[in-house]
Each structure stands twice: as C-alpha cells, then as structure tokens.
Amino acid sequence: MINRLISFFFWHFDRTFGNSRRWAIQILHVLTILTVVIVLFAAIGFCFKIGYQQPKGKIEDNIWLQTIGMIFNASNLPPATEMRDIPSWWQVIVALVGAVVFTGFTISFVGNFLTNRINAYRDGSVRYYFSDHILFLGGSRMIPPMFRELIKNSEYRKKHFVVLTNDEPERVRRHIDGALDLEEKKGLKITVLRGYRDDKETLQSVHLDKAARIYIVGDNPFDVEHDSTNMACWNLAKQLCSHRKDVPCFLLFRRESSIFLFRHRDSDMNLCLDTTVVNRLESVAQRVLVHNGGENSQYPPLDRNGIDKDSNRTVHFVLYGMTAVSYAMATTAAHLCHFPNFVARNANGTFGENKERRTKITLIAPNIKEEMAYMTTHLDSLFSISKYALYDSNWKFGDKKPDPVWRRELGEVGDFLDIEWEFVDGNIADEHVRMLLKQYYIDNMEGKTYLTVAFCGEKADRNTAGALYLPSEYHRITMKEGGGDEIDYEKTIPILVYQPESEELLKTSNQEIAMFRNILPFGSVRESYDPSIRRRILEGKRINYIYNQGDDYAFMTSDAAVLDGLWRKAKYVDQMSNIYSASHIGVKLRSVGNRTDLTDEDVQLLAVTEHNRWNVEKLLMGFEALPKAERAKQNTDEGYRELRELRKQFKHYCIAPYSELLSKDNSSDILIVKNLGDVVEKE
C-alpha cells in the first residue's frame, strides 16, 4: 500500500513538472509544498516552545511569524537580540553558515534533483510501481488505435496504460497525444518508458508479471529484427508470468513465415499466456477485405452485396506487385472467397463442383517468375493441387491463353478447389497487361465477375502512379440510383492503393476529386490494427463451443469463462481455424440476403461452401491433401484410425470434395451453419 501511494505521488509530480504547459499546476504544487513546510515547522515550534519571545507577544503568534520569516529570509537572518546569553559573533557565524548551507548546497541539490528528475521522466528512464496495468512492449504507431479500442471498455479505461519503447519517448508521447482526441484522452493515464523489450531486467522493472494485459507490438514494423525481438520478448514474458495463468497477450509479427513457425510449435508451451498472434500485413488485409456486418468500412466487399447460389458472377481480385503486402491480400482473399454458386447437385443427388465459377486471383509484376516460384513453393500444399497459369513476357494479348499449370497430376487428388490463380509477367505500361486489364473490366461490366484491383508495391508513390495510369475505363464512377452520394460498385471498380506511411494525400484526393473517388488507400502503420479482430475472436470462441458440444448443442452459453476455458484447451491451429471461419460469416450471410433464419437448402449449400473454405484454409496452413486412394481408407475402421493419426503430420484426409466426407465428418459443418445466428455477435 505504501509503495502504491509513493509511486502515485511521484507519478503525478513527474508528469506535472515534466510538462512545460502545466505551469499553473506547477505553481500550485510549489505553493502546496511551501505551505506544508511552514505548517510542519510551526507545529514543531509550538510543541517544543521554540521561538523568539517578544516582550508583549504570545509565543503562538511569534512562532508563525518567525517561522515564515526564517524560511523567506534565511540568508539575511540577523542575530536575535533577545538571546543575550549567546554572543553575537557566534550567532552571526551560525546564521552565515546556515545561509550558505541552505542557499548554496540545499537549493543547488534540490534544483539538480528536480532537473534530473524531469529529464529522466522525459527520457523515460524513471520507473514506477505498476499493478493490473495494460502493458505495451514497443512504441509502434499501431498503438493509438489499440488504445481507442480498449477504452471503449469502461473496465480497461480505468487502468494505467504503460508503453515501453526503445524509441524517443517524447516522440511516442506526441504521436499518442496527436492521434487521440480530447474526449478519448480524458482521464486516461498513460506512461511512456524507455527500454529494451527483450531484456529481462527491463521487463521486470515495468512489472510485466503484474500486468492485466500484454501487447508485444515492437517499435518499427519494418525492422528486419522485429519478429525475432518480439519472439524473444514473448519467451521472457512466459518466464516472468510462469506463476500466473491465461494472461491475455497480443503478439505481432511482420512476416508470414514467423506465423507459420509459431503455428507448428508445441501448443503446451503457452499455458501462462493466452496468446493471440497477428501478422501486421494480414491484419491490414483483413481490415480491408473482411466484412461481417459490424464494421464501418470504406472498402466494398470483394463479393459486393453477395453471391448467391444462382449467381453467374465470380470474384476476380487483381493485385499489382509481388510483395509481402500482395501475399497477405491474396491469401486473405483465398480464405474468404468461397460461395454457394460453386456448389452443384449431381444427378444422383450428391454435391459436386461448378468449375466455371471459381474465384480468380491474378498477380501482376515485372519478372514475376522468381517470386511466383517462391510463393508456390512456400504454399506448396495449396499450389500442388491448384490450377494456376503463367502469362510470361512473350505472351501477347489475342494469343491462345496458356494452359493451367499443376504441380502434380490432379487425378491423384482431384480437381475440387474453388479458387484458381493467374501470374502475369509485365509492367502496368506493357501493352499485353493493359489489354488484359481492359478485358477484366469488360467481364465485370458484362456481369461475369466482381472485379477489384489492388496496388501492393513497397513504394507509396509508385502505387499511386500505377492507380492513376490504369486504363481510363477504371476511372469511370457510377453513383447509385436515387441521387445519393454512394458509389455503385456493381459498375465501378474499387482500386485499392497501399500507402505504408500515410494515407492522407489519397484520402483528400478521394474526397475532393470526383474521378478519384474509387481510389481507396490502405495499409498505413497507424491504420494497421484491425479493431474487428476482437469480434471475430469472440465469434471463433462460440464456433469452438458448438464444435465441443456436438450433437448435444442446444443454445449458446452467455458465460464468458466457459467459452474461454474451452478456447484455451484448443490447439493454436484449431483456434485460428475457428477465427477464419468467423471471418467468413459475412460472406455466407450476404449470399442468403443477410438472413439468419435459414432453410434446409440454405443450410446444406452453406455447409458445402464452408467445407470448400475449410479445404483452402487447411492448405494455406500447411496441411497436405492425400491422394484419392489414401482417402478411401476412411471407409474401414482401421483405415479411419490410421488417417486420423496422420493429422499430427499435417496431412488431412478431409481435404477432399464434400461428397467424399463421412457423415461424422461433415456434421460439424452443418451444425455450425445451422446455428450461425448464435455465433454472430449482436450489436
């Protein structure tokens, strides 16, 4: 309790004297301290009858006056004539020595102490006692949006927000101060400290082991050591919190490979930390592409208002540039773009595939072959059974289209995925690229596709230039009927432009220049955090609850502790699978007119759609599909047990057409779809 009170006093003192704009409060503090000193010494004088007795005065009156006089006039204190027993020269010596000590040493010491303390506060090297605080390890520009999301919860708003950064604390303070408005900052306690997040003693000094929530975000997301340092920090956090259980922890990575390695770790390593792992660029992509109904998004969905079972349209997503950004956008689209119009009922009543209605993801870049080889090798599980084509630099528009490429003979596994890929070698100015883009535009306008284009290069200015130099058709804006101010994205092409530093220039152009209203910037560091992730994690927990209940499921529990308990028991790959399933809810609901009261036909079609989504999800996670001959073993009890054991080796027998699944394997898809209304978070 004493430590808490002392720390509380020093925190307010440092915050006041470390800010030049708080001059009025500083004066109030000085007057308060002076008053306390006068009262204290006067009280001592009264208790011990210390004072210069005047002939006609009372000692109580003299103590107040003489105490004030000695404090304000210490350096000029005259010898007391009433003290005749003490020689005057001795009183002069004592007064001079006292004046020198008080004005020289004491005031200098106090001045230096205050100066050093204020400088230490501004430099972030002061340490305080913290408990039940929210700790941010890293001063990334992502943290103000996290603050904004957290303070929506009244419980979190009352907590102390502590930021540990290796950057300049003053710069981090200014960024936070500028990013939050007055209402958001009202009553908010924020402390920025300096130190290394991968140093154990530093983490102990900010009382990581007592934190209510931990956010490991790092400082510069473009730093090559970002992921390694964050992983080292996470390992230290596990050590320091080993005596605790299920501390909420948010861990940010910049590379997809880091996520891949984390997914394959031993799941028992994370008992003390309840960790949510996020890839920054995947978070950017989800912020742009995931639309589950609760987000106030400026970006139109890839499927616009939805693709139902009878629609002839497919999604076509074109990305210019082969970078980590385009990789994140493409894989996120692959997670999302699964629709019931790919499902076809065969003559015998089983479900097959309408292979003319595949989602198409096209990547365009100069000298794309090397990056294509890297991507297809890294995602070998997916591309080994996916259809994809390469338009090389020698291909001319009008020539016969290249045949699709298979990494293996599809007959071994089957051609059942509902996504296909194109790789186009060329520059945005090349004639064959521009002719392809014009054809893509025509397909959209003829009602064959929903086209979206994204510029994902690493340099913001080149992305902007590429968007502006698209064929002129792409800059035709059609407004919705009725005279409103909304763009009709059925007839207008959304153009997404990656802006890693700031989106303000394009946002201004988007608002003020009519022909650029469909150019939508995305991806700045401060806009990287996806606030809807909290909602999708909750919906993922509800999906996990339904899976665990199985056929016994009757209603959704309102007990958060029950949801959290089952969630912590799930493997990390299963947690991510449930979150990806939650991300697809918006696509499902749009395909049935945003209804949750589903018919039996709706349930069956969406269950097949969910399985098609799950197929791609598992392939993206690194699971391998088995050949048809191997999958056939599931029809015997011994073979079924053998196939289930193979899942530990990241080989899954259910990556297959829906028609092959046994009833005990497809029942979960039906159960989840039937109870979508229980999964969706109510506003």
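The values are calculated or read from the model by the stated rules, or taken from the named source; none is laboratory data. Because the structure is predicted, anything quoted here is derived from the model rather than measured. Here the Cβ positions follow ideal geometry from the backbone for every residue, glycine too, while neighbour counts run over all protein chains shown.
A count restricted to the range 130-148 and to residues that are small (Gly, Ala, Ser) and over 15 Å from residue 254 (Cβ atoms) stands at 2. Taking every residue in the range 417-432 that is in a strand (DSSP E or B) and pairing it with any residue that is aromatic (Phe, Trp, Tyr), at least 6 positions away or on another chain, the pairs with Cβ-Cβ distances below 6 Å are 421/388; 424/391. Close contacts from the range 474-503, counting a first residue that is within 17 Å of residue 464 (Cα to Cα) and a second that is at pLDDT below 85 and surrounded by 20 or more Cβ atoms within 10 Å (Cβ to Cβ), with Cβ to Cβ under 7 Å and a gap of 6+ residues or different chains, come to 497/506; 499/506. On the stretch given as the range 567-613, residues that are surrounded by fewer than 18 Cβ atoms within 10 Å (Cβ to Cβ), part of a loop (DSSP other than H, G, I, E, B) and touching a helix residue (DSSP H, G or I) at 6+ places or on another chain (Cβ under 8 Å) total 4. Scanning the range 624-683 for residues that are aromatic (Phe, Trp, Tyr) and more than 30 Å from the chain's Cα centre (by Cα) gives 640, 653, 658.
Scanning the range 211-228 for residues that are in contact with a Pro (Cβ under 8 Å, 6 or more places away or on another chain) and of a type in the set (S, T, N, Q) turns up nothing. The residues of the range 363-417 that are among the acidic types (Asp, Glu) and over 29 Å from the mean Cα position of the chain (by Cα), listed by number, are 370, 392, 399, 403, 409, 412, 415.
For the range 125-165, taking the residues that are of a type in the set (S, T, N, Q) and touching a helix residue (DSSP H, G or I) at 6+ places or on another chain (Cβ under 9 Å), the one that is nearest to residue 529 (Cα to Cα) is identified as 140.
The condition (being surrounded by fewer than 22 Cβ atoms within 10 Å (Cβ to Cβ), out of contact with any Ser or Thr (no Cβ under 8 Å at 6 or more places or on another chain), in contact (Cβ under 8 Å) with a residue 60 or more places away in the chain and in a loop (DSSP other than H, G, I, E, B)) is satisfied by just one residue among 140, 131: 131.
Here is a yes/no grid of residues against (1) among the aromatic types (Phe, Trp, Tyr); (2) at pLDDT 95 or above; (3) under 30 Å from residue 527 (Cα atoms):
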residue	(1), (2), (3)
314	no, yes, yes
328	no, no, yes
335	no, yes, yes
344	no, no, no
351	yes, no, no
359	no, yes, yes
389	no, no, no
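Pairing each residue of the range 370-392 that is touching a residue at least 40 places away in the same chain (Cβ under 8 Å) with any residue that is assigned to a strand (DSSP E or B), provided the two are 6+ apart or on different chains, yields C-beta distances under 6 Å for 372/423; 381/624; 385/625; 391/424. When residue 489 is tested against the conditions (1) part of a loop (DSSP other than H, G, I, E, B); (2) modelled with pLDDT under 90; (3) surrounded by 14 or more Cβ atoms within 10 Å (Cβ to Cβ); (4) not basic (Lys, Arg), the lone failure is (2). Among the conditions (1) closer than 30 Å to residue 604 by Cα; (2) surrounded by fewer than 20 Cβ atoms within 10 Å (Cβ to Cβ), the only one that residue 335 does not satisfy is (2).
Given the condition crowded, with 18+ Cβ neighbours inside 10 Å and among the basic types (Lys, Arg), answer yes or no: does some residue in the range 203-210 qualify? No: the range 203-210 contains no residue that is crowded, with 18+ Cβ neighbours inside 10 Å and among the basic types (Lys, Arg). From the set of residues in the range 445-486 that are within 25 Å of the chain's Cα centre (by Cα), in a loop (DSSP other than H, G, I, E, B) and not hydrophobic (A, V, I, L, M, F, W, C), which is nearest to residue 333 (Cα to Cα)? Going through the qualifying residues, I end up with 457.
Looking at 125, 131, can you tell me which residue is hydroxyl-bearing (Ser, Thr, Tyr) and touching a strand residue (DSSP E or B) at 6+ places or on another chain (Cβ under 7 Å)? Steps first, please.
Working: 131 fails: touching a strand residue (DSSP E or B) at 6+ places or on another chain (Cβ under 7 Å).
Within the list 125, 131, the selection yields 125.
Taking the range 170-279 and the strands (runs of 3 or more DSSP E) fully enclosed by it, no element has 3 or more residues that are within 21 Å of the chain's Cα centre (by Cα), over 21 Å from residue 534 (Cβ atoms) and among the basic types (Lys, Arg). In the range 226-248, the residue that is surrounded by the fewest Cβ atoms within 10 Å (Cβ to Cβ) out of those that are aliphatic (A, V, I, L, M) and within 12 Å of residue 275 (Cβ to Cβ) is 231. Residue 438: surrounded by fewer than 17 Cβ atoms within 10 Å (Cβ to Cβ) and touching a Pro at 6+ places or on another chain (Cβ under 7 Å), yes or no? Yes. Being assigned to a strand (DSSP E or B), more than 18 Å from residue 229 (Cβ to Cβ) and of a type in the set (Val, Ile, Thr) is the filter here; which residues of the range 143-169 pass it? Matches in the range 143-169: 162 only.
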